[in-house]
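See below for the structure under consideration.
The values are calculated or read from the model by the stated rules, or taken from the named source; none is laboratory data. Keep in mind that this is a model prediction, so the values were computed, not measured. Here Cβ is always computed from backbone atoms with ideal geometry, including for glycine, and neighbour counts include all displayed protein chains. Heavy atoms of the whole protein, side chains included, go into the accessibility calculation; ligands, DNA and RNA do not. Shrake-Rupley method; radii C 1.70, N 1.55, O 1.52, S 1.80 Å.
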Amino acid sequence: MGWALLGAGLLLALYTLLRHGLRRSPPLRDRPELRGRTAIVTGGSSGIGAATALELARCGARVVLATRNAPRGEAAARRIRTETGNAEVVFMQLDLASLRSVRAFATAFLRQEPHLHLLINNAGVSAGGTTEDGFSLPFQVNHLGHFLLTQLLLERLQSCAPSRVVIVASRAHCAGRLRPNTLGQPPSGLFSAFQDYCDSKLANVLHARELATRLQGTQVTCYAVHPGFVNTELFRHTPLWLKPLFLPLAWLFFLDAAEGAQTSLHCATQEGLERFSGRYFADCRLQEPWPPARDDRLARALWEASERLVGLGEAGENPSPAPAAVGQ
């Protein structure tokens, strides 16, 4: 019995040393006062989104938790209000897997909220099926839904400038492959779910790049961020056969949600980042993404295809901003 306890204690100590010695998390930083500023955090009821919303609320911002599940969203808003003492934390329903829901959310937000200074496009899924709009679930939730949301709220962001858009991407963008003529269709092959996720993350980085180009001179800036490898519900769709291997590795090596939120918070609040609009950050530092994520022609083609797929520019909706001319 004694040897068993000693062995268990040694294993626990080794686990702790490995967990804290091998993980590298961004440093915790002081945040500026955000009283009088309004932020939307998609997927704000759990994981990185909840940690991001909590810190923004601590800084005094009015925070809208935009999430699909109403009971969880309401509970998260109550929890953040209680923990921070900030009464300006509210839930609004948003299902990024439904373009109809995205439009309804934007309409309700613009009617109810006079200001918007920070849009944190955080929500994401790693796998799934097909949405009601006919697109793969990861690509719509991670990119197309956020693309439409950003466009519908862009005028409000511009009227409240200086303002920022933060798009939570991933280092998985390095394996992404985008073909604008088949955009949103699930890829084929043995690892199609992983490829679908990587494609959506490449789209995130390119979205930030092209959005920055089109918003030059508006005082609306945008950033793509890699939060690190974070142990969140993003991986809830991991196949059952893989979970016994994956979950211990996640607990051992991955960051927790508060650590994973640091780069999003850095890009949302750090002064002096305006000149880096459209760029990619990881570990709270500017980094170069993989070459396909720096392809301006691909970024433009993705933008135009995304507009078409979400129905922007059609009757009753404003067209997106055109790229700024050189010298503007």
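Can you confirm whether Glu55 is of a type in the set (Asp, Glu) and either more than 18 Å from the chain's Cα centre (by Cα) or part of a loop (DSSP other than H, G, I, E, B) (or both)?
no
Looking at segment 176-191, is at least one residue charged (D, E, K, R) and modelled with pLDDT of 95 or more?
Within segment 176-191, not a single residue is charged (D, E, K, R) and modelled with pLDDT of 95 or more.
Go through segment 239-328 and tell me which helices (runs of 4 or more DSSP H), entirely inside it, have 3 or more residues that are closer than 24 Å to Ala193 by Cα and modelled with pLDDT of 90 or more.
Because the criterion is at least 3 residues that are closer than 24 Å to Ala193 by Cα and modelled with pLDDT of 90 or more, the helices (runs of 4 or more DSSP H) in segment 239-328 that meet it are 296-310.
Scan segment 134-145 and tell me whether some residue there is free of Cβ contacts under 8 Å to residues at least 60 places away in the same chain, surrounded by fewer than 24 Cβ atoms within 10 Å (Cβ to Cβ) and under 17 Å from the mean Cα position of the chain (by Cα).
Yes, segment 134-145 has at least one match.
Which members of segment 60-83 meet the condition of being of a type in the set (Gly, Ala, Ser), part of a helix (DSSP H, G or I) and surrounded by fewer than 22 Cβ atoms within 10 Å (Cβ to Cβ)?
Ala70, Ala75 - these are the residues of segment 60-83 that are of a type in the set (Gly, Ala, Ser), part of a helix (DSSP H, G or I) and surrounded by fewer than 22 Cβ atoms within 10 Å (Cβ to Cβ).
Have a look at Leu94, Leu153, Leu157, Leu99 and point out the one that is farther than 22 Å from Ser264 by Cα, of a type outside the set (Val, Ile, Thr) and open to solvent by less than 50 Å² (accessible area, probe 1.4 Å).
One residue alone meets the criteria, Leu99.
Only residues in segment 37-62 that are acidic (Asp, Glu) count as the first member; pair them with residues that are open to solvent by less than 10 Å² (accessible area, probe 1.4 Å), Cβ under 6 angstrom, at least 6 apart or cross-chain, and list the lot.
Final answer for the pair search is Glu55/Leu265.
Restrict the check to segment 224-232 and report whether at least one residue is surrounded by fewer than 16 Cβ atoms within 10 Å (Cβ to Cβ), modelled with pLDDT under 90 and not in a loop (DSSP other than H, G, I, E, B).
No, the conditions are met nowhere in segment 224-232.
Listed here are the residues, each with its yes/no results for (1) of a type in the set (A, V, I, L, M); (2) farther than 30 Å from Ala301 by Cα; (3) not in a helix (DSSP H, G or I).
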residue	(1), (2), (3)
Asn86	no, yes, yes
Val90	yes, yes, yes
Ala106	yes, no, no
Arg111	no, yes, no
Val125	yes, no, yes
Leu144	yes, no, no
Gln158	no, no, no
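So His115 fits all but one of (1) surrounded by fewer than 20 Cβ atoms within 10 Å (Cβ to Cβ); (2) part of a helix (DSSP H, G or I); (3) in contact (Cβ under 8 Å) with a residue 24 or more places away in the chain; what number is the exception?
(2)
Mind checking whether some residue in segment 41-48 is open to solvent by less than 10 Å² (accessible area, probe 1.4 Å), hydroxyl-bearing (Ser, Thr, Tyr), assigned to a strand (DSSP E or B) and within 17 Å of Leu148 (Cα to Cα)?
The answer is yes; a qualifying residue exists.
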